[in-house]
1. Whole angstrom only: what separates the Cα centroid of the range 92-111 from the Cα centroid of the range 45-91?
2. Among all lysine pairs in the range 94-199 that are eight or more places apart or on different chains, how many have alpha carbons less than 17 angstrom apart?
3. Using label points projected 7 Å from each Cα along Cα→Cβ, tell me how many nm separate Ser151 and Ile83, to one decimal.
4. If contacts are Cα pairs under 8 angstrom and at least 6 residues apart, what is the relative contact order of the chain in percent?
5. With everything on Cα atoms, drop me the angle between helix 183-197 and the longest principal axis of the chain, reported from 0 to 90° to the nearest 10.
6. Evaluate the distance, in nm, between pseudo-label points positioned 7 Å from the Cα of Thr185 and of Ala117 along their respective Cα→Cβ axes.
7. Could you do me a favour and compute the accessible area per residue for the range 41-80, 1.4 Å probe, result in Å²?
8. Using modelled backbone amide H atoms (1.01 Å from N, in-plane), which distant-in-sequence or interchain residues come within less than 5 Å of Trp122's amide H?
Amino acid sequence: MKKMALLFAALTVMMLGACSNYQFKATTNFELDNFNVQDHRENPVSLDSLKGEPWLAMFIFTNCPDICPPMTYNMKMIQDELIAKGVEDYKIVAFTVDPKRDTADVLKAYIDNYGVADESKWYLLNGYDQKFIEQYAKKSFKTQVLAMQDSVVHANTFYLVDQNGVAVKNYSGVQVGNSEVPFDTIVTDLETLIKQGNK
C-alpha cells in the first residue's frame, strides 16, 4: 500500500513537471497583412491595434446554416476555460465572410445569442467588401473564402495569432469525424504565448 502511494506521488510530480515545462511549437508562420476595418461596435480595428496580445481568429457569417454556429459556440467554450484559468491578455477575432449582409448591428445581435462571458474580448469584423475578405483570407491565412449564389464557402479553422501578428498555429473549430476540437490545447497554447510575451 505504501509503495502504491509513493508511486502515485511520483507520477503526480512527473505530470505536474511535464505541464509546467510545456513547450509551445508553432506549426505555421503566416505573417498577416495589415488591414483597417471596423468591429461590431463600429470601432476601428487594424492589425497594428491587435498587436501586443495573442488572439484567436476565425471566419464566419451570421446566415451560415452549418459550421458557423458550432464554431462560435466552441470559441465561447474556449473563452469560458480561459476565464476559469484567470487568463486575461487575449482577443477573439471573427472575420465575416459575408460583409454585405453582416452589418455591425447584425453582428452584435449574432454574438448576443451566445451569451459570451466577456464580450469585450470579441471583435467581429466588417467594413470591407467581398473581394477584400476573399483575397485577405487567401494571402494572409492561406485559406479559401468563396462567395456562392446563396452562401459562402470557408474553412472551419481556428487560428492562433501571436503578439506580432503572425498566425503560428491552427486547429479544427468543429468536430469532423474523429477529429475533435482541441479545447485544452488551444487554451494551453494561448496561455503559453502570453507567458512568453510577458518575459
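1. After rounding, the separation between the Cα centres reads 13 Å.
2. Lysine pairs satisfying the spacing and distance rule in the range 94-199 number 9.
3. That separation, rounded to one decimal, is 3.2 nm.
4. 30 percent
5. The helix 183-197 is inclined about 90 degrees to the chain.
6. Placing both labels 7 Å beyond Cα along the Cβ direction yields 2.3 nm.
7. Dividing the accessible area of the range 41-80 by its residue count gives 38 Å².
8. Long-range HN contacts for Trp122: Ile92.
The values are calculated or read from the model by the stated rules, or taken from the named source; none is laboratory data. No experiment lies behind these values; they were computed from the predicted model shown. Note that we place each Cβ from the backbone using ideal geometry, even for glycine, and neighbour counts take in every protein chain shown. The area values use the complete protein model at the heavy-atom level, side chains included, leaving out ligands, DNA and RNA. Shrake-Rupley method; radii C 1.70, N 1.55, O 1.52, S 1.80 Å.
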